[in-house]
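What follows is a short report on a single structure.
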Amino acid sequence: MEKLRGLSHLFVTVFLYYMGLYIITPAIIDVTMLALCPGRDECSLAIYLSGFQQAIIGLGTVVMTPLIGNLSDKHGRKSLLTLPLTLAIIPLVILAYRRTTNFFYAYYMVNTLTAMICQGSVNCLALAYVADNISEQGRASAFGILSGVTSSTCVFGTLAARFLSTESTFKVAAFTSMTAAVYMRVFLKESIPDNKDDSLLSQPILKASPDIEKDGESPRKTQISKKIPSMRDIICLLKSNKTLSQAAIVSFFNSLAEGGFQACLMYYLKARFHFNKDQFSDIMLIAGIAGTVSQLLLLPLMAPIGEEKLLSLGLFVGCINIFVYSVSWSAWVPYACTMFTVFSVFAYPTVRSIASKQVGSSEQGKAQGCLTGISSFASIVSPLIFSPLTALFLSEKAPFYYPGFSIMCVGLATMFAFIQSMMIRAVPSPSILT
């Protein structure tokens, strides 16, 4: 508990950063539609632009997140956090100033460029910071609390958006992002990992030379390479550790589903039930409250069950949730589906905790960065698949009437992640084995 209190400044930083993002989420759809297709509830251009942006951001994140994670292992988490927290302010300031079509396109381009660095790196560095300061036995709960803090920003952000005008929403978001950067620089202590427990691990991510097994003992960890991880390094990592490779596959399909769900859902609800900013805020608020309570209270209580079982539970419930969304027959159904969030939020912190236990303290940045890079690759593929499907089945040219067809396909991706999660077996911690 004392170590968790030591992470309070990190939690505040993460809270403020994501608050600046979530507060604009309910309003950005209306701003986009007004700038591109004024007076309409369905806009193929908006769907395609959002999908293209998501793919480009994912492409940049694949490259930048492992790089930033690796650099943080050497230069410290706080030093590297400064970059994304500062860049995240710029696009918010643009829409806070004006939201005309020209300013929207300026926001679109700047946000695409900055999100390549910001989108995955803040969470990657936060996870590595937690792993630096929390023992293996407590990481599942700690990662859950970090995810709970993120979910709580969804609650407060959407609640604020519910009562703020669109103009005020972007001004508050810009101010909150500035506060996050300043708070982090003033209060957060630097965290540079050491190698004190690396000798307990038998498989490093990047090996300078082959491990040698002596007298029946487990091979000891060799010196860590300081180079930037390449695609070959990532492939070697996945081949060297079965559990980590399984976690990567789960992360890929889960991120593929999440990216598709985010790309489809709001446009689907707007076209199907004519939802606006207030309805989006209500749904996000309910889901945020359910996710926050679950991750802060329920997940730590259920942690003794085992991360592998909690991961499968979260993916199974998430799969059901998405399938129900796809056949929504009334405007109240999306509100009811938010209750599935209580269990579906288990997936992310548990898979990250499983991956974290496969590497040493000086490689947490690399591990989380590589996993985030794989997830980001899924976010490149996701809009290429689901955005055209969404635009097609929400248009009058749909081959058959099923507005939620693209969301049903998202559910299939979650099902693949669930099937793979059932194959993950608990591996005793190396520190316990020694």
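The values are calculated or read from the model by the stated rules, or taken from the named source; none is laboratory data. The shown structure was predicted, so the numbers you read here are calculated from the model rather than taken from an experiment. Neighbour counts run over all protein chains shown; Cβ positions are idealised from the backbone, glycine included. Remember, those area values only see protein heavy atoms, side chains included, never the ligands or the DNA or RNA. Shrake-Rupley method; radii C 1.70, N 1.55, O 1.52, S 1.80 Å.
Quick rundown of the values:
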| quantity | calculated |
| --- | --- |
| Odd one out for Pro334, checked against (1) open to solvent by less than 10 Å² (accessible area, probe 1.4 Å); (2) of a type outside the set (Gly, Ala, Ser); (3) under 21 Å from Ala417 (Cβ atoms) | (3) |
| Selection status of Glu190, of a type in the set (D, E, K, R) and either without any contact (Cβ under 8 Å) to a residue 60 or more places away in the chain or touching a Gly at 6+ places or on another chain (Cβ under 9 Å) (or both) | yes |
| Segment 270-290, residues that are at pLDDT 80 or above and surrounded by 22 or more Cβ atoms within 10 Å (Cβ to Cβ) | Ala287 |
| Spans of helices (runs of 4 or more DSSP H) in segment 72-148 with at least 1 residues polar (S, T, N, Q) and surrounded by fewer than 19 Cβ atoms within 10 Å (Cβ to Cβ) | 77-87, 101-133 |
| Breaking point among (1) closer than 23 Å to Leu127 by Cα; (2) under 16 Å from the mean Cα position of the chain (by Cα), for Ser72 | (2) |
| Checking Ile249 against (1) buried (at least 21 other Cβ atoms within 10 Å of the Cβ); (2) modelled with pLDDT of 80 or more; (3) not small (Gly, Ala, Ser), the condition it does not meet | (1) |
| Residue match in segment 161-172 (condition: more than 26 Å from Val342 (Cβ to Cβ), open to solvent by 20 Å² or more (accessible area, probe 1.4 Å), at pLDDT 85 or above and not basic (Lys, Arg)) | yes |
| Unmet criterion (only one of (1) open to solvent by less than 20 Å² (accessible area, probe 1.4 Å); (2) more than 22 Å from the chain's Cα centre (by Cα)) for Val324 | (1) |
| Scan of segment 24-34 for residues that are surrounded by fewer than 20 Cβ atoms within 10 Å (Cβ to Cβ) and either more than 20 Å from Gly157 (Cβ to Cβ) or hydroxyl-bearing (Ser, Thr, Tyr) (or both), ordered by number | Leu34 |
| Qualifying residue in segment 362-384 (condition: closer than 28 Å to Leu45 by Cα, open to solvent by less than 10 Å² (accessible area, probe 1.4 Å) and modelled with pLDDT of 80 or more) | yes |
| Evaluation of Leu21 against (1) within 30 Å of Arg272 (Cα to Cα); (2) in contact (Cβ under 8 Å) with a residue 60 or more places away in the chain; (3) open to solvent by less than 50 Å² (accessible area, probe 1.4 Å) (one fails), failing number | (3) |
| Yes/no for Phe15 being open to solvent by less than 50 Å² (accessible area, probe 1.4 Å) and aromatic (Phe, Trp, Tyr) | no |
| Failed item, numbered, when Ser328 is tested on (1) within 30 Å of Cys370 (Cβ to Cβ); (2) polar (S, T, N, Q); (3) in a loop (DSSP other than H, G, I, E, B) | (1) |
